Amino acid sequence: MLTTQRRAMISARLARDGQIVAKTFADELGVSEDTIRRDLREMATEGLLKRVHGGALPLAPPLPDFAARQTIASGVKRRLGRRAAELVKPGQFVFLDGGTTNAELARALPRDLRATIVTHSPTIAAELEHHLAEVVLIGGRLYKHSMVATGGVTIAAIEQIRVDIFFLGVTAIHPAHGLSTGDYEEAAIKRAIARQSAETYLLATPEKFGAASPCRIMGASELAGLVVPSDIPAEALSPYRDTTPLIMA
């Protein structure tokens, strides 16, 4: 088998399964494990995947800082925010995760909405300055990349509340790897919020599909809904249609 053929098969398997186990894949192809490991090393050097012990993972999406992310797909994020805001009802307890897409959701909430908005993001809280809604800001150690609180203090506060609806933020969505982010502590915080929520929704921009970040949060099938742009390619959504309600924006 030619090197180019193996590489194409490696890329296809990563896209489908979210991982490659070198020994298992070598056995499937009938080649030596050293051959597959060499392919993985070379592809990692070229920036095509991420090498891990025993195999490889898809390349994690880049993590630009918060200010840089505000300029990415701002029009799409605005559409997602407006559509998601329609899901919020008066009197609800709502938890808004950090992130620039959820910031658009906060801006889209009606100013006269009488609800309680809980967040561990000071930037999200600031967006609600002129809203009638009660705002509960949970503290902790500030993770500056995402502008959210993390740590034991944050977890302890989250465990004392129950919310009707949680709007989750992630960096990547993959059929096998699920919903993920780049920081271990931040992923733990997101899982804790989801456990305390009756429903969890995700606002997802197109570039996050088919990627995997190092720290898994949960499976897409655990979502109450996935809010996506109406013009997203159908193939990006096909793995989720049977398990996750899709809400077009």
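The values are calculated or read from the model by the stated rules, or taken from the named source; none is laboratory data. Note that this is a predicted model, so its numbers are computed, not measured. Here the Cβ positions follow ideal geometry from the backbone for every residue, glycine too, while neighbour counts run over all protein chains shown.
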**Message:** Taking the condition of being part of a strand (DSSP E or B) and not basic (Lys, Arg), how many residues in the stretch 50-60 meet it?
**Reply:** 4
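For every residue, the table says whether it meets (1) of a type outside the set (A, V, I, L, M); (2) more than 25 Å from Ala108 (Cα to Cα); (3) free of Cβ contacts under 8 Å to residues at least 40 places away in the same chain.
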site	(1), (2), (3)
Met147	no, no, no
Ala172	no, no, no
Pro175	yes, yes, no
Ala198	no, no, yes
Thr205	yes, no, no
Gly210	yes, yes, no
**Complete:** For helices (runs of 4 or more DSSP H) lying entirely in the stretch 125-241, having 3 or more residues that are among the hydrophobic types (A, V, I, L, M, F, W, C) and crowded, with 17+ Cβ neighbours inside 10 Å picks out 152-158, 184-195
**Request:** Name every residue in the stretch 1-49 that is at pLDDT below 90, in contact with a helix residue (DSSP H, G or I) (Cβ under 9 Å, 6 or more places away or on another chain) and assigned to a loop (DSSP other than H, G, I, E, B), in order of residue number.
**Result:** Met1, Gln19, Leu48, Leu49
**Asked** Applying the selection to the stretch 57-111, what residues are buried (at least 17 other Cβ atoms within 10 Å of the Cβ), modelled with pLDDT under 90 and over 16 Å from the mean Cα position of the chain (by Cα)?
**Response** Leu57
**Asked** Among the residues of the stretch 181-190, is there at least one that is under 26 Å from Tyr143 (Cα atoms) and of a type in the set (S, T, N, Q)?
**Response** yes
**Asked** Do the conditions hold for Ala149, that is, is it among the hydrophobic types (A, V, I, L, M, F, W, C), in contact with a Lys or Arg (Cβ under 8 Å, 6 or more places away or on another chain) and modelled with pLDDT under 95?
**Response** no
**Request:** Kindly list the number of the only condition in (1) in contact with a Phe, Trp or Tyr (Cβ under 7 Å, 6 or more places away or on another chain); (2) within 23 Å of Ala106 (Cβ to Cβ) that fails for Ile217.
**Result:** (1)
